[in-house]
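Chemist: Sharing a structure here in structure tokens format.
Bear in mind that the values in this text are calculations on the coordinates, not laboratory data. Since we're looking at a predicted model, the values are computed, not measured. Every residue, glycine as well, gets a Cβ built from its backbone with ideal geometry; the counts of neighbours run over all protein chains shown.
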Amino acid sequence: MLAAAIVAATMAAQAPPPQEPAGGPPPQWARNWPKPTNLQVLPKELTGQQVRDFMEGWSGSLGVHCDTCHAADPKEVGPNGWPRLNFADDSKPEKKTARLMYKMTNDINDNYVSMVDDGTAKVTCGTCHRGHLKPEAFVPPEEHHGPRPPAPGGPAPK
């Protein structure tokens, strides 16, 4: 049975990707995203694709979907039957929080991290959130509890 699974996996890995029929719809990844409106913290010259890429990174870092920050427009229905999101709408407090947090991470990177060593390690949403909407409390590992070691050349701690 294991051999059959290995053969099947090998054949699937070597199979050519399915081809779109001539004149068929473009693949999902080739979608043209509309020019963004109401950009308040992101650079206004970003394309729709670039904004979408930012949003995908943020949603992954927070473990959320678009509707966490963006309100649904019940008058507009998508092809899946669900209401479309109104990306320019500012009614959800989560969107205001996301903007504030974006400004905070930029401030930390520009004014603090850039002054440490070579400044290449940047703070991102994932630095704190790690896939959760609310960052989980940090609990130091057990081995870090206890007295500090003596400072080099100094007296032992009391």
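Chemist: Evaluate the distance, in nm, between pseudo-label points positioned 7 Å from the Cα of Lys103 and of Asp90 along their respective Cα→Cβ axes.
Modeler: Result: 1.1 nm between the two label points.
Chemist: Right, here's the next one. Taking the Cβ of each residue in Asp67, Asp117 as the centre, tally the other Cβ atoms inside 10 Å and list the residues starting with the fewest. List each step's numbers first, then the result.
Modeler: Values: Asp67 13, Asp117 8.
Neighbour counts put them in this order, fewest first: Asp117, Asp67.
Chemist: Would you mind ranking Glu136, Glu45 by Cβ crowding within 10 Å, fewest neighbours first?
Modeler: Working: Glu136 10, Glu45 7.
Final ranking by Cβ density, sparse to dense: Glu45, Glu136.
Chemist: Along Cα→Cβ, 7 Å out, is where each label goes; now give me the distance between the ones at Trp82 and Asp53 in nm to one decimal.
Modeler: Here the modelled spin labels are 2.4 nm apart.
Chemist: Kindly write out, for region 68-76 in residue order, the coupling ³J(HN,Hα) from the Karplus curve 6.51 cos²θ - 1.76 cosθ + 1.60 (θ = phi - 60°), rounded to whole Hz, with x marking Gly and Pro.
Modeler: For region 68-76, the Karplus curve yields 5, 9, 9, 6, 7, 10, x, 7, 10 Hz.
Chemist: Would you mind ranking Leu42, Leu85, Leu133 so that the residue whose beta carbon has the fewest other beta carbons within 10 Å leads the list? Each step should come with its number before you reach the end.
Modeler: On the way: Leu42 14, Leu85 17, Leu133 10.
Listed from fewest to most nearby Cβ atoms, that is Leu133, Leu42, Leu85.
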